[in-house]
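Everything below concerns the one structure shown next.
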Amino acid sequence: MRPGRLRHRVTFESPVTTQDTAGQPVVSWVATFPQSLSAEIIPLSGRELISAQAEQSKVTTRIIVRYRPGFLASMRAIHRDTIFNIEAVIPDPESGYQWATLLCSSGVTQG
């Protein structure tokens, strides 16, 4: 992989569930890695959805990053003001430890 393609700075967050004073679960997001990572963001497709009488858009995106342990499908990635929900983590086909491909969606459920 050419390093020049990793031109986007992305922050990765994991969900943490706590309880409020009434005992209800509250989900908050905590940074998974100490700093943002270099990544390549590639929009793949987009579509419009009608849900609950409201039109929403959904964009499917591929994010490629250098491999590091800890990527999970329950995480989310943030680039600028866009939140990407990670739906699948795919290691590289050769060694599994050079880069990771993250299949993400954005637009419908932000976080």
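Below, the figures for the structure above:
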{"item": "Near pairs, Cβ below 8 angstrom, 6+ apart or cross-chain, from the stretch 87-104 (of a type in the set (D, E, K, R)) to any residue that is in a loop (DSSP other than H, G, I, E, B) and surrounded by 12 or more Cβ atoms within 10 Å (Cβ to Cβ)", "result": "Glu87/Ala73; Asp92/Tyr67; Asp92/Gln98"}
{"item": "Counted residues, the stretch 91-111 - those being within 13 Å of the chain's Cα centre (by Cα) and either hydrophobic (A, V, I, L, M, F, W, C) or within 17 Å of Val30 (Cα to Cα) (or both)", "result": "6"}
{"item": "Flag for Phe33 being buried (at least 17 other Cβ atoms within 10 Å of the Cβ), assigned to a loop (DSSP other than H, G, I, E, B) and at pLDDT below 95", "result": "no"}
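The values are calculated or read from the model by the stated rules, or taken from the named source; none is laboratory data. These numbers come from a predicted model, not from an experiment. Cβ: placed from backbone, ideal geometry, glycine included. Neighbour counts: every protein chain shown.
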